[in-house]
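Q: Let me begin by handing over the structure; questions about it come next.
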Amino acid sequence: MRLPVPKALRNRLKPTPQWLAITLQSPQTPVRVTVETRGAEIDVTDNNSIAALHPLTIRLGLDAPLGATVQREREISLRFVDRTIDRTLGRLQLTYLREWRTAGARLGLFEVTGGRHRCAGWPRRAWDTWMYERAARHIPPERQLMPPAAVEQLMVFNLCPRPVFFVAVDDGRNSNLFPMDLVGPMAPEHFTLALRNTSPSVATIKSARRLVIADVPGDAAQIAHRLGAHHREQNINFESLPFEVRRSQRFSLPVPAIAARAREIEIFDFQTVGSHTLFVGRICTEQMLGSGARLFHTSGIHQRFRAKGGRAFDEASLTRAG
């Protein structure tokens, strides 16, 4: 006879969600990101992004202080700090891969070789790891983009909330609009985007060399995630989108009317980095279209940590209204 498990205990035994959709004002301010070395600590909060998921690779812009540091030390640490209580949330260990200089931009690519968070005690961390690995065993190898250890490292990276954007592309033959969060700024006016090599839109961006990124408002989470299916499409019917579409200022690319901000980006270079194609571009125009909270992604472990302190993020609704 199997005894019933109390609901409270069942909830405690569930693994912490790996990611979470939340709403925040932009830019995010709860978390500071720094590069730590033996002799320096450099703020890179607005200068870090994912370059590839397999192997898990991070892009940092190599400005003067960071560039000089990397020349001396090929292994560095990325530290995530809660600004309010000045507490370290987690760290990633990075190994320098190579430098990429292109059109006035200097990038460094770093492979993630280790990582750990401090958002929960040892029992919860060990239990979550076991549960993630257990779940991964039920996924066919050909469908696993990342091994479980790398997934947990990505969760550490997402301790810093990552904004979600609508990305619109059109090269005259093919056009698409889809959500992305593997996007990040790089001083002074550059941006990088990492798109999976298998996406049909990789060829479109390479051909067009221009695109629009538009901030997703916090109340459009369900729409954004539903449009994730467009990553598999080469062409979409813009008239079927669940919002009105306008045209951008310079490139006349489609912009969701619900977007809070639109930025036109000229793509000047790209290269394959593992599982993804990394695009580097320059911001040409920026147009504010609305205000209010924006859609971000963070880790479930981060929300658990903040909830214990009575500072939980506002979660975005992924349930269709009505």
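Values in this text are rule-based calculations from the coordinates and carry no lab data. Since we're looking at a predicted model, the values are computed, not measured. Note: ideal-geometry Cβ built from the backbone for every residue, glycine included; neighbour counts use all protein chains shown.
Q: Taking all pairs of distinct Cα atoms, average 1/r, flip it, and tell me the Kirkwood hydrodynamic radius of region 54-149 in Å to one decimal place.
A: Taking the inverse mean of 1/r over all distinct Cα pairs, region 54-149 comes out at 15.8 Å.
Q: So, one more: Of the candidates 73, 36, 264, which one comes out as most mobile in a Gaussian network treatment of the chain with C-alpha springs shorter than 10 Å?
A: Highest fluctuation of the listed residues: 73.
Q: For the pair residue 75 and residue 13, what calculated FRET efficiency results from E = 1/(1 + (r/R0)^6), where r is the Cβ-Cβ distance and R0 = 41 Å, to the nearest 0.05?
A: Efficiency computed from Cβ-Cβ geometry: 0.65.
Q: Which order results if 284, 160 are arranged by neighbouring Cβ count within 10 Å, fewest first? Before the final figure, lay out the partial values.
A: Working: 284 16, 160 22.
The most exposed by this proxy come first: 284, 160.
Q: What residue among 18, 28, 287 has the largest mean-square fluctuation in a Gaussian network model of the chain, using Cα springs under 10 Å?
A: The residue with the greatest mean-square fluctuation here is 287.
Q: If you don't mind, there's one more thing I want to ask. How big, on average over all directions, is the shadow cast by the Cα convex hull of region 122-280, in nm²?
A: Values: hull surface 44.3 nm².
Projected over every direction and averaged, the Cα hull of region 122-280 covers 11.1 nm².
Q: Something else now. So which residue, out of 43, 181, 215, gets the largest mean-square fluctuation from a GNM of the chain using Cα contacts under 10 Å as springs?
A: 43
Q: Moving on to the next point. Filter the trypsin sites (Lys or Arg not before Pro) in region 251-322 down to the DSSP loop ones having no more than 11 other Cβ atoms within 10 Å, then list what survives.
A: Passing sites in region 251-322 are 320.
Q: Determine, from the Cβ-Cβ distance of residue 41 and residue 135 and an R0 of 30 Å, the FRET efficiency 1/(1 + (r/R0)^6), rounded to the nearest 0.05.
A: For residue 41 and residue 135, the calculated efficiency is 0.25.
Q: If we count other beta carbons within 10 Å of each Cβ, what is the order of 127, 122, fewest first?
A: The order, fewest Cβ neighbours first, is 122, 127.
Q: Next up: Between [x] 125; [y] 159; [z] 139, which matches volume of the Cα convex hull per residue in Å³ calculated for the structure shown?
A: It is the one labelled [y].
Q: Oh, and also: Relative contact order (percent) for the chain, with alpha-carbon contacts under 8 angstrom and 6 or more residues of separation?
A: Relative CO of the chain lands at 23 percent.
Q: Further question: If you take the charge dipole of the chain about its Cα centre, with +1 on Lys and Arg Cβ and -1 on Asp and Glu Cβ, which of 301, 69, 96 is farthest toward its positive end?
A: After comparing all options, I get 301.
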